[in-house]
Amino acid sequence: MYVLHYAPDNASLIVRLVLTELNQPFETALVDRRVRAQDGAAYRALNPNGLIPALETPGGAIFETGAILLWLSERHGALAPQPGDPARGDFLKWLFFVSNTLHADARLLFYGERHAGRDADVAAFRDATRGRIASHLDLVEAMAAGQPAWFKPDAPSVLTLYVCGLLRWLALYPVEIAGWLDLAGYPSLRAVAAAMECRPAARKAALAEGLGDTIFTQPSHARPPEGSAT
């Protein structure tokens, strides 16, 4: 049995979606951000960085969203090209781009006041970061337009679910500039997001975390039954 240490509408949402798509039973353990449980000794023993999520597996705890997704796809032989598949290289380069570049810059945008520096102009920092994110999304849009087998509206992958989660949060955060991301400018990504949010796994996740109906294409702030998204 897997145990997903989660907070509602955090990066753990992507792992929840993947576990559900894989039809794997799992339990959830709330990391209550309202009391900064992510900084407590118990959680830091699972993820010394104090970031959410962490996934307990039969072989021990795994952290970092991209690593969890890659491990799950390989362990269960699904939702990604497997070792030996000619498409594996292309898939991996985009998974790492999303994890190491797009997601990393999204965190800088969401928590600009933490990263800009004491004397920096946070608004200017966010503007620069937002410009980079727009450029990253242009690249992902161009990839999605080619509809590789591992990034198509009609079949989920760990990468489509990862990107859709990021599209959701980029539309919602930071609240001071919410709405800056217009999916109409990314038609291929919007098609993937629209398809993914209609899947049963997305509906289950939306109910579990209080996300509403159009969780990727027209997201609203979470109203979770437990915990806090921020």
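The values are calculated or read from the model by the stated rules, or taken from the named source; none is laboratory data. Keep in mind that what you see is a predicted model, and the values were worked out from it rather than measured. Cβ: placed from backbone, ideal geometry, glycine included. Neighbour counts: every protein chain shown. Note: areas computed on protein heavy atoms with side chains; ligands, DNA, RNA excluded. Shrake-Rupley method; radii C 1.70, N 1.55, O 1.52, S 1.80 Å.
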For the chain, accessible area per residue (1.4 Å probe, heavy atoms of protein chains only), Å² = 45
note = Taking 144-155, 65-76 and ranking on average Cβ neighbours within 10 Å, highest first, one gets 65-76, 144-155
inquiry  = So if the hydrodynamic radius of the range 1-136 is defined as the Kirkwood radius over C-alpha pairs, what does Stokes-Einstein give as its diffusion coefficient at 25 °C and 0.890 mPa s, in µm² per second?
reply    = 149
request  = Considering Cα pairs under 8 angstrom that are at least six residues apart, work out the relative contact order of the chain and quote it in whole percent.
outcome  = 22
note = Computed, not fitted: 222 nm per-residue ellipticity of the chain from DSSP H runs ≥ 4 (each -39500 (n - 2.57)), nearest 500, equal to -14000 deg cm²/dmol
Mean Cα-pair separation over length for the range 121-230, i.e. relative contact order, pairs under 8 Å, 6 or more apart, % = 22
query = Leaving out ligands, DNA and RNA, what percent of the accessible area of the chain is carbon and sulfur, probe 1.4 Å?
reply = 52
Relative packing of peptides 99-110, 172-183 - highest average C-beta neighbours within 10 Å first = 99-110, 172-183
ask   = Over the Cα atoms of the range 32-86, what is the Rg over Rh ratio if Rh follows Kirkwood?
value = 1.11
Relative contact order (percent, whole number), the range 1-126, Cα cutoff 8 Å, 6+ residue spacing = 20
